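A.B. asks: Supplied in structure tokens, the structure appears directly below.
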Amino acid sequence: MKRTTIDLWVGIFVAMGIAALFFLAVQVGNLRGTEIVEPYELQARFDNIGGLKPRAPVRSAGVVIGRVHHIDYDSERFQAVVVMNIDHRYTFPKDTFATINTSGLLGEQYIGMEPGGDEALLQPGDTMMKTQSAVVLEKLISQFMFSKAAEGTAPK
């Protein structure tokens with residue numbers, strides 16, 4: 001093969017590698033555009049949000065229905081306040097649960113909306129009353145370790 005042919009193939013593979021890294025960065029950074037038409041805001045209060053970040057998806061039944069707009073801290077209640085932009089096409093009952101979930105074992109965190117059975121619907125600007133905070137893996141492991149340690153010291 002000629003030197004120019006080898007250089008051409010090397011250039012093609014380098015360009016493909018750069019394109020793959022760009023694609024990965026867009027996927028990981030949540031920079032993909034989700035068409036949220038005329039969003040309305042909902043708020044939810046959590047004791048622990050884990051690694052939840054602004055622009056994280058809000059999902060219901062696996063469908064992205066919105067994004068986390070911003071996260072604040074309420075110093076009177078000592079809770080995190082998550083403000084979400086929800087697409088106007090989707091409405092939820094007042095007793096909807098907002099849970100912080102993780103994609104896969106160690107993936108990104110998102111808010112999952114689990115609708116209840118109430119006939120009254122959440123209105124723009126409402127605060128969701130039923131929430132479940134993120135499960136912190138370190139806390140779960142330490143509770144398991146302490147319970148096993150307590151079993152070992154108990155008299156038989």
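The values are calculated or read from the model by the stated rules, or taken from the named source; none is laboratory data. Treat the numbers as computed from the prediction; the structure is a model and nothing was measured. In this analysis, Cβ positions are derived from the backbone assuming ideal geometry, glycine residues included, and neighbour counts consider all displayed protein chains. Keep in mind that these areas ignore ligands, DNA and RNA; they rest on the heavy atoms of the full protein, side chains included. Shrake-Rupley method; radii C 1.70, N 1.55, O 1.52, S 1.80 Å.
A.B. asks: Roughly how many percent of the accessible protein surface of the chain is carbon and sulfur, given a 1.4 Å probe and a whole-percent answer?
C.D. replies: 62
A.B. asks: Among E108, E41, E76, which one shows the highest mean-square fluctuation when the chain is modelled as a Gaussian network with alpha-carbon springs under 10 Å?
C.D. replies: E76
A.B. asks: Now a separate question. Any idea what angle helix 137-153 forms with the longest principal axis of the chain, computed on alpha-carbon atoms, 0 to 90 degrees, nearest 10?
C.D. replies: That helix lies at roughly 60 degrees to the long axis.
A.B. asks: If you put +1 on each Lys and Arg Cβ and -1 on each Asp and Glu Cβ, how big is the dipole of the chain around its Cα centre, in Debye rounded to 20?
C.D. replies: With Lys and Arg at +1 and Asp and Glu at -1, about 760 debye.
A.B. asks: For the chain, what does -39500 (n - 2.57) per DSSP helix run (n ≥ 4), summed and divided by total residues, give at 222 nm, in deg cm²/dmol to the nearest 500?
C.D. replies: Per the formula, -9500 deg cm²/dmol.
A.B. asks: For the chain, set up a Gaussian network in which alpha carbons nearer than 10 Å are linked by springs, and say which option among V64, V81, V14 fluctuates the most.
C.D. replies: V14
A.B. asks: Then there is this: Compute the distance from the alpha-carbon center of region 47-61 to that of region 99-122, in whole Å.
C.D. replies: Measuring centre to centre over Cα atoms gives 8 Å.
A.B. asks: Which residue fluctuates the most in the chain, going by a Gaussian network model with Cα springs under 10 Å, if the choices are Y90, Y40, Y110?
C.D. replies: Y90
A.B. asks: If I compute Cα extents along the principal axes in Å from the structure I just sent, which labelled value in [x] 75, 59, 31; [y] 47, 35, 31; [z] 80, 29, 21 lines up?
C.D. replies: Checked against the structure: label [x].
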